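Below you'll find the structure, written out as structure tokens, and then a few comments.
The values are calculated or read from the model by the stated rules, or taken from the named source; none is laboratory data. Remember, it's a predicted structure, so these values are computed and weren't measured experimentally. In this analysis, Cβ positions are derived from the backbone assuming ideal geometry, glycine residues included, and neighbour counts consider all displayed protein chains. Note: areas computed on protein heavy atoms with side chains; ligands, DNA, RNA excluded. Shrake-Rupley method; radii C 1.70, N 1.55, O 1.52, S 1.80 Å.
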Amino acid sequence: MSLILTRTFLWLIAPALWLGSSFAYAQGILTPKPFQQGKTSNFGYYEYLPANYQEDSTAQFPLLIYLSGLGSKGDGVDDLKIILDEGLGKLIAEGEEFPFLVMMPQSWSGFWGVKNIDTYLDYIRENYRVDQSRIYITGFSAGGQGAFEYAVASPNKVTAIIPISGRGENLDICSMVNVPVWAFHNVDDPAFSSNFSIIPINKLNNCNPFPATNAKLTIYPVTGHDAWTKTYNGSGMGTEDATYDAFDQNIFDWMLQFAKDTVIADVGEDKVIFQPQTSLEVEAYAASYNGNHTYDWQQLDGPEIEIQNSTSSKLFIEAMPVGRYTFTVTAENDFREMTTDTVKVWVRPPNEAPSVTMADNGVVILPIDSVTLLGFINDPESDPFSLIWEQQEGAEGVILQFDSAQSDSAQLVVKNLREGEYSFQLSAIDEYDSVGIQSVRLTVISRTSEAIEKLPYNNSFEEIDEEGWQGYGPSNSWEQGQPAGSVVNEASDESQVWAT
């Protein structure tokens, strides 16, 4: 059966809804957008453009971000087609039509992260004609978790969410009290417990103040993790547990009834810059359903400086001395609705890389085939840092086992050593990508009857035999010859000694 959409627009009301689970629209366009470092968004993704997107170059469209689950992770290039194997991606690939811009990124890890979603959303807003008052997120499993996390972290940027088989039980859920949410879950989900949806929805509906729109939860009385297929294609209608909210409305209709009707402002993450850079440009994003916006930037604290473009969306600051600053922007729309947001800026001296020193381990004598390397790390600014141990030289098959890390030191257990020369490197990378590196050399020799472990050692060294007598180690200075020192001044036998 094919149903025809009748379009009706009301002031401050979202576009008219379509009925049922079959849709009749002109054919939209689905296009892969592979990841290219520095040239595209932070994810490879599929874009779906409604058919009429190309007809009017000024029209803006609601945006639906679709976050897939762990099984759909990939490199955003060769693996990108996995996005179309299930869920909303499969539905669109099979020909279903939507009045949204639908963007379907591919996570490289399977999980998402608020900053990653935020960066991606900024890219989409900048490169597509998005109706800023109607930005929706849906996702399943890890993608449902991502939808919950983003709505909690950035409630002013998202209009409504539909997380399916996701989780939000440990979040500060009342932060998203003004974001309508409809969650779906199977009651006996072996991957993500249904409590992961039940708990946050119950918390939301008991927040103070209460949500303007009641948070909804639909539970299917079945086992399994896949609650998304029947939710996206509508086949789950009528199969839900009557104890919870009924699945009695197309979920896409449900989303489209919501639009942000108050002005919002966002200036992004706090900033850290290092001298010799002393200038910074900060752009405010503002949106509301009610027209244009004015801006007013003010400095709240920090060394006194001149603010330029204080009535523009972009604040330009220059000649900033070292210090910590706070700036606020007030955005106001044509209906005198207003809001504010702040950004903190930390201007620091040039960043110094962490210093790394290594204890000298010298020589390992087989059959002992393991050693513990010790590195000491100091970051001059006390910034957090991460550590990487690597083998630079030596035989293959060596096992590196990261043993422990303290605030200023790290140990590495090296196993399965064989005879030969080795080099190991410890890198410390601070949170601003400055790197400190140090290497240590290691010599592994076989135990023989001629190995000297206790000194002094007496023998006749009259014949020079480079194969029979050798010195080892990174600080080795052993030499055979006639003694001429004040301590070693004669040989025990004839005239030759080995001395250091």
- Item | Close pairs (6 angstrom Cβ cut-off, 6 or more residues apart or separate chains): in contact (Cβ under 8 Å) with a residue 40 or more places away in the chain in the range 206-225, assigned to a loop (DSSP other than H, G, I, E, B) and among the hydrophobic types (A, V, I, L, M, F, W, C) anywhere | 225/191
- Task: Determine the pairs where a residue that is of a type in the set (Gly, Ala, Ser), located within the range 227-238, has a partner that is modelled with pLDDT of 95 or more and open to solvent by 20 Å² or more (accessible area, probe 1.4 Å) with Cβ atoms under 9 Å apart, the partner being 6 or more residues away or on another chain.
- Result: 235/229; 236/229; 236/230; 238/246
- Query: Mind checking whether some residue in the range 468-485 is within 21 Å of residue 360 (Cβ to Cβ), of a type outside the set (Phe, Trp, Tyr), modelled with pLDDT of 75 or more and open to solvent by 60 Å² or more (accessible area, probe 1.4 Å)?
  - Reply: yes
- Query: Which of the following residues is at pLDDT 90 or above and under 17 Å from residue 270 (Cβ atoms): 295, 325?
  - Reply: 325
- Query: Restricted to the range 348-374, and to residues that are farther than 18 Å from residue 417 by Cβ and not aliphatic (A, V, I, L, M), which residue is most open to solvent (accessible area, probe 1.4 Å)?
  - Reply: 352
- Query: Can you tell me which residue in the range 375-395 is farthest from residue 357 (Cα to Cα), limited to those that are of a type in the set (Phe, Trp, Tyr) and open to solvent by less than 80 Å² (accessible area, probe 1.4 Å)?
  - Reply: 385
- Out of all the residues in the range 65-81, which are open to solvent by 50 Å² or more (accessible area, probe 1.4 Å) and in a helix (DSSP H, G or I)? 70, 71, 81
- Message: Quick check on this structure: which one of 206, 202 is open to solvent by 10 Å² or more (accessible area, probe 1.4 Å), farther than 19 Å from residue 117 by Cβ and either modelled with pLDDT under 95 or under 25 Å from the mean Cα position of the chain (by Cα) (or both)?
- Response: 206
- Task: Within the range 105-123, track down each residue that is touching a Lys or Arg at 6+ places or on another chain (Cβ under 7 Å), open to solvent by 40 Å² or more (accessible area, probe 1.4 Å) and closer than 14 Å to residue 141 by Cα.
- Result: 109
- Task: Would you mind telling me which numbered condition in (1) part of a loop (DSSP other than H, G, I, E, B); (2) of a type outside the set (A, V, I, L, M); (3) under 22 Å from residue 142 (Cβ atoms) residue 182 fails?
- Result: (1)
- Residue that is most open to solvent (accessible area, probe 1.4 Å), among those in the range 217-246 that are under 21 Å from residue 72 (Cβ atoms) and charged (D, E, K, R): 226
- Task: Determine, yes or no, whether residue 403 is charged (D, E, K, R) and modelled with pLDDT of 90 or more.
- Result: no
- Query: Does at least one position in the range 165-187 carry a residue that is free of Cβ contacts under 8 Å to residues at least 40 places away in the same chain, buried (at least 24 other Cβ atoms within 10 Å of the Cβ) and within 30 Å of residue 36 (Cα to Cα)?
  - Reply: yes
- Residue pairs within 8 Å by beta carbon, gap of at least six or interchain, first lying in the range 435-448 and closer than 16 Å to residue 395 by Cβ, second open to solvent by 10 Å² or more (accessible area, probe 1.4 Å) and among the basic types (Lys, Arg), listed first then second, are 444/418
- Query: Which fully enclosed strands (runs of 3 or more DSSP E) of the range 255-346 have 3 or more residues being of a type in the set (Ser, Thr, Tyr) and under 31 Å from the mean Cα position of the chain (by Cα)?
  - Reply: 323-333
- Message: If I ask for residues that are open to solvent by less than 10 Å² (accessible area, probe 1.4 Å) and assigned to a helix (DSSP H, G or I), which ones from the range 132-150 would you list?
- Response: 142, 143, 144, 146, 147, 148, 150
- Looking for whichever is of a type in the set (Gly, Ala, Ser) and over 23 Å from residue 215 (Cα atoms) here; the options are 93, 153, 142. Which one fits? 93
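Table: residues versus (1) buried (at least 16 other Cβ atoms within 10 Å of the Cβ); (2) over 17 Å from residue 362 (Cα atoms).
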| position | (1), (2) |
| --- | --- |
| 397 | no, yes |
| 401 | no, yes |
| 408 | no, yes |
| 413 | no, no |
| 418 | no, no |
| 422 | yes, no |
- Message: Filter the range 35-60 down to the residues that are under 24 Å from residue 91 (Cβ atoms), under 19 Å from the mean Cα position of the chain (by Cα) and open to solvent by 60 Å² or more (accessible area, probe 1.4 Å) and list them by number.
- Response: 35
- Query: Got a number for residues in the range 165-186 being modelled with pLDDT of 95 or more, within 24 Å of the chain's Cα centre (by Cα) and among the polar types (S, T, N, Q)?
  - Reply: 1
- Which of the residues belonging to the range 247-287 are of a type in the set (S, T, N, Q) and either touching a residue at least 60 places away in the same chain (Cβ under 8 Å) or open to solvent by 60 Å² or more (accessible area, probe 1.4 Å) (or both)? 250, 257, 262, 275, 277, 278
- Item | Close pairs (7 angstrom Cβ cut-off, 6 or more residues apart or separate chains): farther than 14 Å from residue 277 by Cβ and open to solvent by 20 Å² or more (accessible area, probe 1.4 Å) in the range 318-329, small (Gly, Ala, Ser) and in a loop (DSSP other than H, G, I, E, B) anywhere | 324/302
